[in-house]
């Protein structure tokens, strides 16, 4: 049996909204809408009747964006059980290149049906504040019942495609992940507000100091964020030679990349870069971290699984995957703390997972041998491209080789590598030098060179590329007559199998760890995912056990020719464990 459901609520805040009603459907063409009373006693009475159906693990659940509905139900003490089928996730698996997967859009695309639009019946002055409160119950009933009926029809239309496109493994993984992400978003992260205010104060003080230093050269106030004013200062007054040509507004570019190249020309350039970096932290990151939910006292991000074409998860409202990890970023990560003095944070990340995946996909003998024998792959690369003994490789040379390793597996050109190494090391590398590095690299890792050709060839023939687990990504421009589009598609043909496979692996680990926590009734919580890194909030009496569980499940998520290595740390803040 499959139960299709959709909640209508007073707002999109799962922690404070109230349920207006629930629409239910078990067969196409027949749906019901249960209107909830305004008093809490009446709401709980209805939920008591519905609870057994939501918590029955033999009943499969179907919905669109189930994370939202299931978090609202969790707020009322109901933990949805049973196999989940999310039509938003299903459409994403089939069409990852599509930017949006809304229910109304899918009805038009797949069923040629135009649904009632929320904004056409909702009340409210602004789009963000519109609600169905106060709407004629008959109108809400028609709207809500249409939603669940369409959801079931879309499911019936899409699911056979999952089978015919051989996407069953990915379908199972991504729909199991819905439960994991529901819990993660609901759990939220703890922010030390006092620490955050101190960091903000420190940044403001540094911004003032930088402006005073810049003022010594300008003799007047200048808006660092104004392209026009920076053009006048740098190129007209300080006579720095600009890079490139003027744009349609008559200004030269003063982007971060351009300023990095001009950094050695005048000391003011570094001041401008420092100012911009700190200003971004203040205006973007600190502002975002202040959005703690007043009810839960936690910061709740949306973890999106239908946004990226590679299969990676992303974060929004606020984006916690963009919190920098170095310099001032480490100060920000100090603000992410354990939920109480009786809890600790455990941070774990995969070591070189994308390079390990490249070794597996390419079957490159030297890469595989290095990982199996514990040879430092970055030092090995440095030794080859710089033509020096392995044991003589310095830390800075290893860092340079690290940039080469990660750049070249994704098809970076000699020009791109030149810019990357210059930015990474602070030393200038010519395009000619970098081309020599590339030649040496592929002489060392001949399997990688061959793999690149094979991936591009397969994508050219099939029109798509895929991960080791079968996640597919269409490459419509792989045979384009436009050379720019064609070359871009070729890079994606290499990028997706590597990045996408790494994303699949951590999803598998997340599902397995979540299952262990649930089955063993542990109090530990998974609270954040940043690409190949996971963060857990753990009671101190579970720390030792959870360290073993997390490491085991991360390293044994899949069994491949190259072992997965998970680096784990325990501490009080995110900065401690990164």
| Restricting attention to the range 135-157, does a residue exist that is within 25 Å of the chain's Cα centre (by Cα) and in the same structural domain as residue 11 (by TED's automatic domain parsing)? | no
Given (1) touching a residue at least 12 places away in the same chain (Cβ under 8 Å); (2) over 16 Å from residue 270 (Cα atoms); (3) in contact with a helix residue (DSSP H, G or I) (Cβ under 9 Å, 6 or more places away or on another chain), residue 207 misses just (2)
- prompt: If you check residue 423 against the conditions, is it surrounded by fewer than 18 Cβ atoms within 10 Å (Cβ to Cβ), in a helix (DSSP H, G or I) and more than 31 Å from the chain's Cα centre (by Cα)?
  reply: no
Checked 224, 210 against criteria (surrounded by 12 or more Cβ atoms within 10 Å (Cβ to Cβ) and assigned to a loop (DSSP other than H, G, I, E, B)); the one match is 224
Just one listed residue, out of 39, 6, is closer than 23 Å to residue 135 by Cβ and within 31 Å of the chain's Cα centre (by Cα), and it is 6
Screening 381, 296, 310, 306 for residues that are touching a residue at least 60 places away in the same chain (Cβ under 8 Å), farther than 25 Å from residue 69 by Cα and assigned to a loop (DSSP other than H, G, I, E, B) leaves only 310
Only unsatisfied item for residue 69, checking (1) over 26 Å from residue 503 (Cβ atoms); (2) modelled with pLDDT of 95 or more; (3) under 29 Å from the mean Cα position of the chain (by Cα), is (1)
Does residue 162 meet the test of being modelled with pLDDT of 95 or more and more than 26 Å from residue 79 (Cα to Cα)? yes
Within the range 102-132, residues under 18 Å from residue 17 (Cα atoms), surrounded by 15 or more Cβ atoms within 10 Å (Cβ to Cβ) and out of contact with any strand residue (DSSP E or B) (no Cβ under 7 Å at 6 or more places or on another chain) come out as 118
Taking the range 500-520 and keeping residues over 16 Å from residue 558 (Cβ atoms) and either out of contact with any strand residue (DSSP E or B) (no Cβ under 7 Å at 6 or more places or on another chain) or not assigned by TED's automatic domain parsing to the domain that holds residue 555 (or both) leaves 516, 517, 518, 519, 520
Among strands (runs of 3 or more DSSP E) entirely within the range 521-578, at least 2 residues that are assigned by TED's automatic domain parsing to the domain that holds residue 348 and in contact with a helix residue (DSSP H, G or I) (Cβ under 6 Å, 6 or more places away or on another chain) occur in 525-530, 566-571
Condition set closer than 19 Å to residue 214 by Cβ and touching a helix residue (DSSP H, G or I) at 6+ places or on another chain (Cβ under 9 Å), scope the range 230-241, selection surrounded by the fewest Cβ atoms within 10 Å (Cβ to Cβ): answer is 237
Being out of contact with any strand residue (DSSP E or B) (no Cβ under 8 Å at 6 or more places or on another chain), over 16 Å from residue 429 (Cα atoms), in a helix (DSSP H, G or I) and not assigned by TED's automatic domain parsing to the domain that holds residue 532 narrows 375, 360, 388 down to just 360
Residue 286 passes all but one of the listed conditions (1) part of a helix (DSSP H, G or I); (2) free of Cβ contacts under 8 Å to residues at least 24 places away in the same chain; (3) farther than 16 Å from residue 210 by Cα; the exception is number (2)
Reported set for the range 165-203 where residues are within 30 Å of residue 69 (Cβ to Cβ) and not in a helix (DSSP H, G or I) is 165, 166, 167, 188, 189, 190, 191
Residue 463 vs (1) closer than 16 Å to residue 358 by Cβ; (2) touching a strand residue (DSSP E or B) at 6+ places or on another chain (Cβ under 8 Å): all pass except (1)
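The values are calculated or read from the model by the stated rules, or taken from the named source; none is laboratory data. Just so you know, these numbers come straight off a predicted model, no measurement behind them. Note: ideal-geometry Cβ built from the backbone for every residue, glycine included; neighbour counts use all protein chains shown.
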